[in-house]
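This report refers to the structure that appears directly beneath it.
The values are calculated or read from the model by the stated rules, or taken from the named source; none is laboratory data. Being a predicted model, the structure only gives us computed values, none of them experimental. Every residue, glycine among them, receives a Cβ derived from its backbone with ideal geometry; neighbour counts consider all protein chains shown. Quick note on the areas: whole protein, heavy atoms, side chains included, nothing else; ligands and nucleic acids left out. Shrake-Rupley method; radii C 1.70, N 1.55, O 1.52, S 1.80 Å.
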Amino acid sequence: MKAFYFWTTLLGAVAVDQAVKVLTVSNLVLGESRPIINGVFHLTLTHNTGIAFGLLQDRGWLTIPLAVAIVLAVVFYLIRHPQTPKWGQVALGLLTGGALANMVDRIFRGYVVDMFDFRVWPVFNIADISINAAVILYVVMTLKVSRAIKREAAS
């Protein structure tokens, strides 16, 4: 199967994100916060109608075309580059899965469900973690590849 790691990671990111959101909505009321590590980490149910960090409140729908564009661009890229390495497929799967998971919320709920609250950062969710993990993975692997190319050129 072409792009196996991409599709597996994408589906996993969406499934885990949506499952955690269902559990959160089923067990907390809006605004409720339950300490896991008091004062450090709480589960807090919030509805984000904006974009990242609560910016552009009530305009989160603007990100739906962006999420669609990301999905189409990534799928097109993978069609054109079927030899994308596993780590690249995983990074693209995390990015696309996170974008899709939050898009599902925006379309079906009108807002994004957030729950992880470290008290020093805006409340976030699994989809947000997926997107950030994708960026970190891509940067780390790009730096490793770049170093390997430089070492090879120096030999």
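Top mean-square fluctuation among Phe124, Phe76, Phe116, Gaussian network model of the chain, C-alpha springs under 10 Å? Greatest mean-square fluctuation among the candidates belongs to Phe76. Ligands, DNA and RNA left out, the accessible area of the chain computed with a 1.4 Å probe is 71% carbon and sulfur. Pairs of Cα atoms in the chain fall into 10 Å distance bins, from 0 up to the last occupied one, in shares of 11, 34, 31, 17, 6, 1, 0 percent. Of the residues Pro65, Phe4, Ala19, the one whose Cα sits farthest towards the positive end of the charge dipole of the range 1-102 is Phe4 (charges of +1 on Lys and Arg Cβ, -1 on Asp and Glu Cβ, taken about the Cα centre). Couplings 3J(HN,Hα) of the range 104-115, computed from phi: 4, 4, 4, 6, 8, 10, x, 7, 9, 7, 10, 8 Hz, in residue order, whole Hz [Karplus 6.51 cos²θ - 1.76 cosθ + 1.60, θ = phi - 60°; x for Gly and Pro]. Taking Val71, Val140, Val20 as the candidate residues, the one with maximal mean-square fluctuation in a Gaussian network model of the chain, Cα springs under 10 Å, is Val140. Once a ≥ b ≥ c are taken as the square roots of the eigenvalues of the Cα gyration tensor of the range 66-128, is the result rounded (a/c under 1.5), prolate (a/b larger than b/c) or oblate (a/b not larger than b/c)? Oblate. In percent, rounded to a whole number, the relative contact order of the chain is 32, using alpha-carbon pairs under 8 Å and six or more apart. Annotation note: trypsin sites (Lys or Arg not before Pro) in the range 109-155 located in DSSP loop regions with a Cβ neighbour count of at most 14 within 10 Å are Arg109, Arg119. Using alpha carbons only, how many angstrom separate the centre of the range 93-114 from the centre of the range 19-80? Here the answer is 6 Å between Cα centres.
Largest mean-square fluctuation among Trp87, Trp121, Trp61, in a Gaussian network model of the chain whose springs join Cα atoms under 10 Å apart, belongs to Trp121. Normalised per residue, the accessible area of the chain is 61 Å², obtained with a 1.4 Å probe and no contribution from ligands, DNA or RNA.
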